[in-house]
Amino acid sequence: MLRYYFFCEHEAGVIPDMEGMDLKDEPAALAQAMVAAGEIMRSNSLAGREALVGTILLVKDNAGATLFRMPLIDHGE
């Protein structure tokens, strides 16, 4: 198992993931990021979509390298 970290980046700063999560591999980390993105979007639905504009979910490995950048809102919508 490898440890992956899921950070939220927004214009106001970065919310770090200090614990991380042990997952099998990068595809498992990407799948978990998609689940986390959905949860973040659902939990912020009361604040409106504008609250998430510009927010990016970052997946990092144990060395701190960014593996994935997942925007939470499609700016074209």
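The values are calculated or read from the model by the stated rules, or taken from the named source; none is laboratory data. Keep in mind that this is a model prediction, so the values were computed, not measured. When we count neighbours, we look across all protein chains shown, and the Cβ atoms used for this are built from the backbone with ideal geometry, even at glycine. Each accessible area value is taken on the protein alone, full model and side chains, heavy atoms only, with ligands, DNA and RNA left out. Shrake-Rupley method; radii C 1.70, N 1.55, O 1.52, S 1.80 Å.
Here are some notes:
- The amide H of residue 54, built 1.01 Å from its N in the peptide plane, has 73 as neighbours under 5 Å, considering only residues 5 or more places off or on other chains.
- Other residues within the sphere of radius under 15 Å centred on the Cβ of residue 59, judged by their own Cβ, net out at -4 (K and R +1, D and E -1).
- Mean accessible surface per residue for the chain, computed with a 1.4 Å probe while every protein chain stays in place, in Å²: 66
- Degrees between helix 26-43 axis and first principal axis of the chain (Cα, 0 to 90, nearest 10): 30
- Over the chain, Cα pairs under 8 Å with separation of 6+ residues give a relative contact order of 35 percent.
- Extension reserve of the residue 3-residue 35 stretch, reckoned as 0.36 nm per residue once the Cα distance is removed: 9.8 nm
- Using the Cβ-Cβ distance between residue 43 and residue 14 with R0 set to 25 Å, the FRET efficiency works out to roughly 0.85.
- Take 24-30, 60-66, 2-8 and order them by the average number of nearby Cβ atoms within 10 Å per residue, most first; the result is 2-8, 24-30, 60-66.
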